[in-house]
1. Give me the compactness ratio for segment 1-95, meaning the Cα radius of gyration over 2.2 N^0.38 Å.
2. How big is the gap, in Å, between the Cα center of segment 76-103 and the Cα center of segment 131-179?
3. Calculate what fraction, in whole %, of the accessible area of segment 24-322 sits on carbon and sulfur atoms when a 1.4 Å probe is rolled over the protein chains.
4. Over the Cα atoms, compute the radius of gyration (one decimal) and Dmax (the largest Cα-Cα distance, rounded to a whole number) for the chain, in Å.
5. Would you mind calculating the relative contact order of the chain from Cα pairs under 8 angstrom and at least 6 residues apart, reporting the percent as a whole number?
6. Cut-off under 18 Å on the C-alpha distance; same-chain residues fewer than 8 positions from Lys302 excluded. Which aspartates and glutamates are left, in chain and number order?
7. Per residue, how large is the accessible surface of segment 24-322? Use a 1.4 angstrom probe and give square angstrom.
8. Using only the alpha-carbon atoms, how far is helix 273-284 inclined from the longest principal axis of the chain? Give it as 0 to 90 degrees, nearest 10.
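The values are calculated or read from the model by the stated rules, or taken from the named source; none is laboratory data. Just so we're clear, the structure is a prediction, and the values are computed from it rather than from any experiment. Here the Cβ positions follow ideal geometry from the backbone for every residue, glycine too, while neighbour counts run over all protein chains shown. Side chains are part of the model used for accessible areas, which takes the heavy atoms of the whole protein and leaves out ligands, DNA and RNA. Shrake-Rupley method; radii C 1.70, N 1.55, O 1.52, S 1.80 Å.
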Amino acid sequence: MFPTSLPRRNRRSEALRRLSRETSLSADDLILPLFVVPGRDREERIEAMPGVSRWSVDLLPPLVEELCVPAVLLFGVPDADERTSCASAALDPEGLVPQAIRTVKEVRPDLAVITDVCLCGWTDHGHCAILTEDAEVDLAPTLDALAGSALAHAQAGADMVAPSAMMDGQVAAIRSRLDDAGLTDTGVLSYAAKFASGFYGPFREAAHSAPQFGDRSGYQLPPSNRREAIRDALLDEAEGADWLMVKPALPYLDVLAELRAQTRLPIAAYHVSGEYAMLEAAARVGAIDRRRCVLEALLSIKRAGADAIITYYAEEAARWISR
Ligand code: PBG
């Protein structure tokens, strides 16, 4: 019996494949994370993430001048002596991240500047919150600090702030702080469904943000729970988030697809440091075709429902695609 349905007919030539293509990846979809350190003339390569560095603010202009992606996501990585139990340096209007925002905006006012808002890089214990004496999350001062940090970034000209601490109520706290200050146009891109993931390993080296004790499973989502992730993300929408995020990306494509069906907000997915490191390691030993696998991974994240992808490959992939 010869089959009457031949799906292969639509795949016979590149022209036919172009016509029936359902998803495509564009430079417009990509957000480049950048790690910023204090000091001058400082580039520090991150061992666990080959090809990615931490940069001092004065080195940012040549870096961002040529970017063809529409947005960057800034992470401040302070020196150890700036870290305190209450993360006060994260709230400094003249601090590391505000300086970086101003510098980027000076060179590239057209570039969207998004900032990570969290406390883990700024606390001496490395948790994303201010803690009580018995090492529990102290929610009220934590929300206050997160809102203060977001305000400092917004005042320096960030287009969106991206709270990543997974603290309940953080979107509402930030939204109301920004609105009270008249910064009603600054958006909130919420790390809405952020899982307690092993794939953040290399990032913690990059940001020196590994917790000194315990882990983040008391506030980040359990990898086993899709329903809980959707609930948490929809709460952020109700609190006024402008964008939602799913993180990590590839191991959580089902969550991304489900969230796509549940919200009308745009969704970002974070292709995280461990996902990057895995591809790099496999490519280095010749196990995979690097460019092909990177583009396939990013396309898959798009197909699952992401409008934008935060990835350490952003600029390189953008150049591949637009050539
Ligand atoms: C800060 C933060 C983390 C990442 C982004 N923001 C680390 C964490 O939660 O432990 C991870 C990014 C990556 O792995 O690429 N809370």
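1. That works out to 1.87 for segment 1-95.
2. Comparing the Cα centres of segment 76-103 and segment 131-179, I get a distance of 14 Å.
3. Here it works out to 49 percent.
4. Spelled out, the Cα radius of gyration and Dmax of the chain are 20.1, 75 Å.
5. About 19 percent, as a whole number.
6. List returned: Glu22, Asp28, Asp29, Asp254, Glu258, Glu275, Glu315, Glu316.
7. 41 Å²
8. 50 degrees
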